[in-house]
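The values are calculated or read from the model by the stated rules, or taken from the named source; none is laboratory data. The shown structure was predicted, so the numbers you read here are calculated from the model rather than taken from an experiment. As a convention, Cβ positions derive from the backbone with ideal geometry for all residues, glycine included, and neighbour counts pool all protein chains shown. Ligands, DNA and RNA are excluded from the accessible area calculation, which covers all protein heavy atoms including side chains. Shrake-Rupley method; radii C 1.70, N 1.55, O 1.52, S 1.80 Å.
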Amino acid sequence: SVAVSVQVTDVNDNSPSIRFREGQYRLRLSLEEELVCPPADPLSCEVIARLRGTLNQSCVIEVGIVEDRDTGLEGEVTGVTLGAAGREYFTPIICNSLKLMTRRAVFIYNRAGADKENQTLLSFAMSLQDGGSPPLQSDWLLEVQLSDVNDNIPSFSEERYGVSLAENVTHGTVILKVSAVDEDQGENGTLRYSILEVTPSNAAAFLSVDSVTGEMRTVGVLDREQLGSRIEVTVQSADQGAAPLSSTSVVVITLTDINDN
């Protein structure tokens, strides 16, 4: 009999893969817009490990575990690149997973916060390369959903409004409508109007503003002899964010005299 020894050498025939935390072929992340993370240049695995434990979790994101079914260098996932849209904001790196320490994972470092007012969803390609010669590559899709931050102050259409009004207008007459805009989204961009101050103060009882529409109306009859010929109303527009932002505008009402005495 003859003993035959067969040695099987590995061929680089498996492309790198990644196991996203959702177990899908694409990953959707939610990040705060305009998040400011400290500089990390050059980016290294030591920096990733240090920052991951001390910063907002949106600064350093563990995307998923990388795998390659080949052996040796051909089975190591050694390179990761991002498409142009991703490179604008993120730097990728492969390090030991912080969740499964014996496995390698892709991390992306959020070095430049995106603005939700310009775009709400970032989509970009991510490519993985193994250590084979030539290397094999696989391509994946990352989607980053931006969460709105209340960073825009409401802006009135006019810094100062002016209107002339006969002193005998009836109760409920619409004087004018103030209007403001806020470029934030959701509650951060939802505005409510209110009257902060009226001069003279005794005119406050005769004026109201609709909190939703911004329509200012009379409450009762405005008497020029009692209130004077000029009324200044400071109107506020405030958003409904957790920490509301607001701005003000002034409405100047000129009461015109009628022959009522």
Efficiency of FRET from Cβ geometry, residue 246 and residue 143, R₀ 30 Å, rounded to 0.05: 0.30
Phi-based couplings in Hz for the stretch 248-257 (Karplus 6.51, -1.76, 1.60; Gly and Pro marked x): 10, 9, 10, 9, 9, 10, 9, 8, 8, 7
Ratio of the Cα radius of gyration of the stretch 127-220 to 2.2 N^0.38 Å, where N counts its residues: 2.12
Sites residue 177 and residue 229, calculated FRET efficiency, Cβ-Cβ separation with R0 25 Å, nearest 0.05: 0.65
With every protein chain in place, the chain: carbon and sulfur % of accessible area (1.4 Å): 49 percent
Amide N of the stretch 158-182 lying under 19 Å from the label point, which is placed 7 angstrom from the Cα of residue 219 along Cα→Cβ: 168-178
The chain: relative contact order as a whole-number percent, Cα under 8 Å and 6+ apart: 18 percent
Per DSSP, loop trypsin sites (Lys or Arg not before Pro) in the stretch 71-105 with at most 15 further Cβ within 10 Å: 99, 103
Under the Karplus curve 6.51 cos²θ - 1.76 cosθ + 1.60, θ = phi - 60°, whole-Hz ³J(HN,Hα) for the stretch 226-237, x wherever Gly or Pro sits: 8, 9, x, 8, 9, 10, 10, 10, 8, 10, 10, 10
Karplus-derived 3J(HN,Hα), 6.51/-1.76/1.60, for each residue of the stretch 157-168, Hz, glycine and proline x: 5, 9, 6, 8, 9, x, 8, 9, 9, 5, 5, 9
Shape category assigned to the stretch 63-108 from the gyration tensor of Cα positions, a/c cut at 1.5: oblate
Residue-averaged [θ]222 nm for the chain, counting only DSSP H segments that reach four residues, each worth -39500 (n - 2.57): -1500 deg cm²/dmol
Label-point separation in nm, residue 45 to residue 187, each point 7 Å along Cα→Cβ: 4.3 nm
Largest to smallest principal axis extent of the C-alpha atoms in the stretch 65-207, angstrom: 92, 27, 21
Rounded accessible area per residue of the stretch 184-261, 1.4 Å, Å²: 49 Å²
Compactness of the chain as Cα Rg over 2.2 N^0.38 Å, two decimals: 1.73
Computed E for residue 84/residue 195 - FRET, C-beta separation, R0 45 angstrom, nearest 0.05: 0.35
Residue-level accessible surface for residue 231, protein heavy atoms, 1.4 Å, Å²: 0 Å²
